[in-house]
Amino acid sequence: QVQLEESGGGLVQAGGSLSLSCAVSGRTFSAYNMGWFRQAPGKEREFVAAIRWRGGTYYADSVKGRFTIVRDNAKNTVYLQMISLKPEDTAVYYCATGLGVLYGPQGYDYWGQGTQVTVSS
């Protein structure tokens, strides 16, 4: 019933920028937390950023100052704006929605399929 679909990933050189989007359907969008996570091959899925329904934002230390999460409730869409990208940002990026804790995957009920972000040196 609840569906999320990410888009906007791609290949970018170090120092470049990308913007990801996540469209949500099947749920009252504004009432739930939205998060972005990422997972590189052989590594655990890690928290990137989250936004609460009232708009409060939270970031992993590794991306603070470089990434911005925003939501457009009218469009049922959340965005991750990324600048000053580094090779270590390379991963599959997933958006998720839920009512639990913000910083861990256990806090989210539904996940998108992921979009690949690759940052070259």
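The values are calculated or read from the model by the stated rules, or taken from the named source; none is laboratory data. Keep in mind that what you see is a predicted model, and the values were worked out from it rather than measured. No Cβ is skipped: glycine too gets one built from the backbone with ideal geometry, and neighbour counts run over all protein chains shown. Just so you know, the surface numbers come from the protein's heavy atoms only, side chains and all, with ligands and any DNA or RNA stripped out. Shrake-Rupley method; radii C 1.70, N 1.55, O 1.52, S 1.80 Å.
Would you calculate the separation in nanometres between label points at residue 72 and residue 120, each defined as 7 Å from the Cα along the Cα-to-beta-carbon direction?
3.0
Give me the number: length gained by fully extending residue 5 to residue 17, i.e. 0.36 nm times residue separation minus the C-alpha to C-alpha distance, one decimal in nm. Don't skip to the end; give the middle numbers.
On the way: separation 12, 0.36 × 12 = 4.32 nm, distance 2.03 nm.
Extra length available between residue 5 and residue 17 comes to 2.3 nm.
Output needed for the chain: three equivalent-ellipsoid semi-axes, defined as square roots of 5 times the C-alpha gyration tensor eigenvalues, in descending order, whole Å. If you can, show how the numbers build up before the last one.
Details: eigenvalues 99, 38, 36 Å².
Square roots of five times the eigenvalues give 22, 14, 13 Å.
Near residue 75, which aspartates and glutamates are there with a Cα under 16 Å away, not counting those fewer than 8 places off in the same chain?
Reachable aspartates and glutamates: 5, 6.
Using a Cα-Cα cut-off of under 28 Å, which lysines could be cross-linked to residue 43, ignoring same-chain neighbours fewer than 8 residues away?
64, 86
With the Cα gyration tensor of segment 44-109 in hand, give its eigenvalues times 5 under a square root as the equivalent ellipsoid semi-axes, listed largest first in whole angstrom. Write out the running numbers ahead of the final one.
Values: eigenvalues 73, 44, 23 Å².
Rounded to whole Å, the semi-axes are 19, 15, 11.
Give the accessible surface of the chain per residue, rounded to a whole number of Å², with probe radius 1.4 Å and ligands, DNA and RNA excluded.
On the way: 6130 Å² over 121 residues.
Averaged over the residues of the chain, the accessible area is 51 Å².
Which whole-number percent is the relative contact order of the chain (Cα, under 8 Å, 6+ apart)? Could the numbers behind the result be given before it?
Details: 308 pairs, mean separation 42.5, N = 121.
Relative contact order here is 35 percent.
Could you work out the local net charge near residue 101, counting Lys and Arg as +1, Asp and Glu as -1, over the other residues with Cβ closer than 15 Å to its Cβ? Numbers along the way, then the final one.
Details: positive: 45, 52; negative: 46, 109.
Result for the neighbourhood of residue 101: 0.
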